[in-house]
Amino acid sequence: MKKIAVFTSGGDAPGMNACIRAVVRTALHYGIEVIGIKRGYQGMIDGDFVKMEAHSVSGIIHLGGTILRSARCKDFHTPEGRRQAYEQLKKEHIDKIVVIGGDGSFRGALVFMSEYPDISMVGCAGTIDNDLFGTDYTIGYDTAINTAMNAIDNIKDTANAHDRLFFVEVMGRDAGFIALPAAIATGAEAVLIPESKTSIDDLVSTLEKGYQNKKNSSIVVVAEGDDVGGAFKIAEEVKKRSFERWEIKVTILGHIQRGGRPTCLERVRASRVGMVAVKALLEGRNAVMIGEVNSQITYTPFEKATKHHMDINPMLLEMVEILS
Ligand code: ADP
């Protein structure tokens, strides 16, 4: 193996830079040339390639975002777009690639490799959502939950000062992987997630119980994909029940959860899977996602990583109920 390429794709996540750095430095360590593909699959189609040297990845391990940039690329969904991408890769003599992205990026890789079997790709799970089967942690998740926790801590201070009830919306269209740890770590009174059915009446009773127990403010963490709706909708429903113990406020954390300096564990894990990805290509592995389960490296076929669903740990929900 003389040459590999690396790119970041789909939703960006803190820690992607640490992963890129590890891929580049590991490849150079083994005497392999590295090409960075800019802007995900779009850059592959456009031939937006850049040669990566050791210094190309200096001073980036602590930065959020991705120096290679990212994109959602419509053209890669078409056979013509993928043909163009293939031709660009062939022109550069690239047939081994590390993709850092989420389930969409791995699905794209699967389609591409089924059409062009001479291309090998391995993946590093880069998404703040932690929703990929076959790994305990995805790159970006640890930073995102810490960002959410710090933001909710700040909100808690002001909620307490003014006797307020805050509904704080965190990311999670399909899952409560961010909402649950953020709620536990901030001592939130309740957490509403897509995986469990939300009852506004139960929520109001929980809040009322807190009031009776002399709480002078409350925090409810809402995953954006909750079955009743986002934080504004939930707040509206609670108001309809004439719950007037505290003034009601809503905060949507939004994109601050995507950026920021990756945590220590994030940098270490991202570096580890990046290094292993290059070794995996050297070992001839293909169409697998590098993950970490119980601190051990795992290789999960893209097929499985994207199809299977990760379940939440019900004990985390119980913790919010008992401890708040
Ligand atoms: P993520 O990787 O974060 O889940 P997306 O779902 O946006 O992000 O996927 C990233 C990109 O992967 C898409 O913009 C598209 O270019 C490509 N992709 C996703 N699914 C497919 C597919 N079924 N066929 C071809 N390309 C795909």
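The values are calculated or read from the model by the stated rules, or taken from the named source; none is laboratory data. Everything quoted here is computed from the prediction, not taken from an experiment. Cβ coordinates were reconstructed from backbone atoms using ideal geometry, including for glycine residues, and neighbour counts include every protein chain displayed. Ligands, DNA and RNA are excluded from the accessible area calculation, which covers all protein heavy atoms including side chains. Shrake-Rupley method; radii C 1.70, N 1.55, O 1.52, S 1.80 Å.
When you scan the range 241-323 for strands (runs of 3 or more DSSP E) that lie fully inside it, which ones turn up with 2 or more residues that are within 30 Å of Gln212 (Cα to Cα)?
Result: 247-252.
In the range 114-129, how many are open to solvent by 10 Å² or more (accessible area, probe 1.4 Å) and within 13 Å of the ligand (Cβ to nearest atom)?
Narrowing the range 114-129 to residues open to solvent by 10 Å² or more (accessible area, probe 1.4 Å): 114-118, 120, 127, 129.
If we keep only those that are within 13 Å of the ligand (Cβ to nearest atom) too, we end up with 114-116, 127, 129.
Residues in the range 114-129 being open to solvent by 10 Å² or more (accessible area, probe 1.4 Å) and within 13 Å of the ligand (Cβ to nearest atom): 5 in total.
Yes/no matrix, rows are residues, columns are (1) open to solvent by less than 50 Å² (accessible area, probe 1.4 Å); (2) in a helix (DSSP H, G or I); (3) in contact with a strand residue (DSSP E or B) (Cβ under 8 Å, 6 or more places away or on another chain):
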{"site": "Ala85", "(1), (2), (3)": "yes, yes, no"}
{"site": "Val99", "(1), (2), (3)": "yes, no, yes"}
{"site": "Phe112", "(1), (2), (3)": "yes, yes, yes"}
{"site": "Thr135", "(1), (2), (3)": "yes, no, yes"}
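Evaluate the following for Lys156: is it open to solvent by 10 Å² or more (accessible area, probe 1.4 Å), more than 16 Å from the ligand (Cβ to nearest atom), assigned by TED's automatic domain parsing to the domain that holds Phe302 and of a type outside the set (Asp, Glu)?
Taking the combined requirement at face value, the residue does not satisfy it.
Just a yes or no: is a residue in the range 64-78 among the β-branched types (Val, Ile, Thr), part of a loop (DSSP other than H, G, I, E, B), surrounded by fewer than 18 Cβ atoms within 10 Å (Cβ to Cβ) and within 16 Å of the ligand (Cβ to nearest atom)?
yes
Based on what the data block shows, is Gly102 within 15 Å of the ligand (Cβ to nearest atom) and modelled with pLDDT of 95 or more?
Working: within 15 Å of the ligand (Cβ to nearest atom): yes; modelled with pLDDT of 95 or more: yes.
Criteria met by Gly102.
Only one of Ala190, Ala148 is at pLDDT 95 or above and under 17 Å from Glu321 (Cα atoms); which?
Working: Ala148 fails: under 17 Å from Glu321 (Cα atoms).
Sole residue among the options that is at pLDDT 95 or above and under 17 Å from Glu321 (Cα atoms): Ala190.
Quick one: is Arg82 within 16 Å of the ligand (Cβ to nearest atom) and of a type in the set (Lys, Arg)?
yes
Quick check on my filter: what residues within the range 273-324 are of a type outside the set (Ser, Thr, Tyr), within 30 Å of Leu207 (Cα to Cα) and touching a helix residue (DSSP H, G or I) at 6+ places or on another chain (Cβ under 9 Å)?
Of everything in the range 273-324, those that are of a type outside the set (Ser, Thr, Tyr), within 30 Å of Leu207 (Cα to Cα) and touching a helix residue (DSSP H, G or I) at 6+ places or on another chain (Cβ under 9 Å) turn out to be Ile312, Asn313, Leu316, Leu317, Met319, Val320, Glu321, Leu323.
Considering only residues of the range 1-26 that are in a strand (DSSP E or B) and open to solvent by less than 10 Å² (accessible area, probe 1.4 Å), which is farthest from the ligand (Cβ to nearest atom)?
Step one: of the range 1-26, the residues in a strand (DSSP E or B) are 3-8.
Those still in the list that are open to solvent by less than 10 Å² (accessible area, probe 1.4 Å) too: 4-8.
Numbers: Ile4: 19, Ala5: 16, Val6: 15, Phe7: 11, Thr8: 9 Å.
Checking each candidate, the answer is Ile4.
Read through the list (1) within 12 Å of the ligand (Cβ to nearest atom); (2) part of a helix (DSSP H, G or I); (3) not charged (D, E, K, R), then give the number of the only condition that His55 fails.
His55 satisfies every listed condition except (1).
Within the range 166-175, is there a residue that is surrounded by fewer than 16 Cβ atoms within 10 Å (Cβ to Cβ) and either assigned to a loop (DSSP other than H, G, I, E, B) or in contact with a helix residue (DSSP H, G or I) (Cβ under 9 Å, 6 or more places away or on another chain) (or both)?
Looking through the range 166-175, at least one residue is surrounded by fewer than 16 Cβ atoms within 10 Å (Cβ to Cβ) and either assigned to a loop (DSSP other than H, G, I, E, B) or in contact with a helix residue (DSSP H, G or I) (Cβ under 9 Å, 6 or more places away or on another chain) (or both).
Give the number of residues within the range 224-247 that are touching a helix residue (DSSP H, G or I) at 6+ places or on another chain (Cβ under 9 Å) and open to solvent by 30 Å² or more (accessible area, probe 1.4 Å). Please lay out each step first, then the result.
Start the filter on the range 224-247 by keeping residues that are touching a helix residue (DSSP H, G or I) at 6+ places or on another chain (Cβ under 9 Å), which leaves 224, 226, 228-229, 234, 237-238, 240-241, 243, 245-246.
Narrowing the set further to residues that are open to solvent by 30 Å² or more (accessible area, probe 1.4 Å) leaves 224, 228, 240-241, 245.
Qualifying residue count, the range 224-247: 5.
Output yes when any residue across the range 41-58 is crowded, with 24+ Cβ neighbours inside 10 Å, free of Cβ contacts under 8 Å to residues at least 40 places away in the same chain and closer than 23 Å to Ala125 by Cβ, and no when none is.
For the range 41-58, residues crowded, with 24+ Cβ neighbours inside 10 Å, free of Cβ contacts under 8 Å to residues at least 40 places away in the same chain and closer than 23 Å to Ala125 by Cβ: present.
Restricting attention to the range 27-40, and to residues there that are without any contact (Cβ under 8 Å) to a residue 40 or more places away in the chain and open to solvent by 10 Å² or more (accessible area, probe 1.4 Å), which single residue is farthest from the ligand (Cβ to nearest atom)?
Only one residue fits best here, namely Gly31.
In the list Val222, Val238, Val204, which residue meets the criterion of being outside any helix (DSSP H, G or I), of a type outside the set (D, E, K, R) and at negative phi?
Result: Val222 is the single residue among Val222, Val238, Val204 that is outside any helix (DSSP H, G or I), of a type outside the set (D, E, K, R) and at negative phi.
Could you look through the range 186-205, keep only residues that are farther than 23 Å from Asn154 by Cβ and hydroxyl-bearing (Ser, Thr, Tyr), and pick out the one that is surrounded by the most Cβ atoms within 10 Å (Cβ to Cβ)?
Top of the filtered list is Thr198.
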